[in-house]
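A short reminder: the numbers here are calculations on the coordinates, not readings from a lab. Treat the numbers as computed from the prediction; the structure is a model and nothing was measured. Quick reminder, even Gly has a Cβ in these numbers, built from the backbone with ideal geometry, and neighbours come from all protein chains shown.
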Amino acid sequence: MGFAVFQHEPDSREVRSFLGRAMHQARATPKYLICDQGKQFWCQGFKHWCQRKGIRPRFGAVGQHGGIAVVEHFVQTVKVECTRRLVVSLRVKAFRQQLLWFAAW
């Protein structure tokens with residue numbers, strides 16, 4: 001599992017770079033990537049990257065709750081169990097460390 005903290009909404013290149021690092025660290029390539037239809041995923045660069053890696057992107061239904069239920073559940077867990085119980089630092093480095101502790105938990 002990997003995570004990243006971005007200071008702004010990441011573009012497709014930043015997402016692909018993060019995913020490449022996470023796959024390298026895990027020494028594994030997923031068969032599927034579940035994502036929403038954000039502009040960073042719904043573009044030729046991302047689709048070509050997935051194709052080169054042998055990954056099939058799977059997109060949740062637009063505007064339909066539960067379309068990407070596993071991802072939504074994970075994000076909700078982070079919000080409830082991590083960020084609402086901790087004082088979230090505005091310093092990126094400190095926030096990243098807090099998320100590392102949460103992921104290890």
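If R0 is taken as 30 Å, the Cβ-Cβ distance between His48 and Gln76 corresponds to a FRET efficiency of 0.40.
Ordering Leu100, Met23, Phe59 by the projection of their Cα atoms onto the charge dipole of the chain, which places +1 on the Cβ of Lys and Arg and -1 on the Cβ of Asp and Glu, puts Met23 at the extreme positive end. Restricting attention to the chain, the count of lysine pairs at 8 or more positions apart or across chains with alpha carbons under 22 Å apart stands at 6.
Near Ile34, the amide H atoms lying under 5 Å from its own belong to Arg58; only residues 5 or more places off or on other chains count, and H is placed 1.01 Å from N.
Report the equivalent ellipsoid semi-axes for the chain in whole Å, largest first, defined as the square roots of five times the eigenvalues of the gyration tensor built from alpha carbon atoms. Provide the component values of the computation, followed by the final result.
Working: eigenvalues 121, 59, 37 Å².
Square roots of five times the eigenvalues give 25, 17, 14 Å.
The radius of gyration of the Cα set in region 1-62, together with its Dmax, comes out at 11.3, 32 angstrom. Averaging the sequence gap over all C-alpha pairs within less than 8 Å and six or more residues apart, then dividing by the number of residues, gives the chain a relative contact order of 25 percent.
For the chain, give the magnitude of the charge dipole about the Cα centre (Cβ charges: +1 Lys/Arg, -1 Asp/Glu; no others), in debye to the nearest 20. Please report the intermediate quantities before stating the final value.
On the way: 17 positive and 6 negative charges, 75 e Å.
So the magnitude is around 360 debye.
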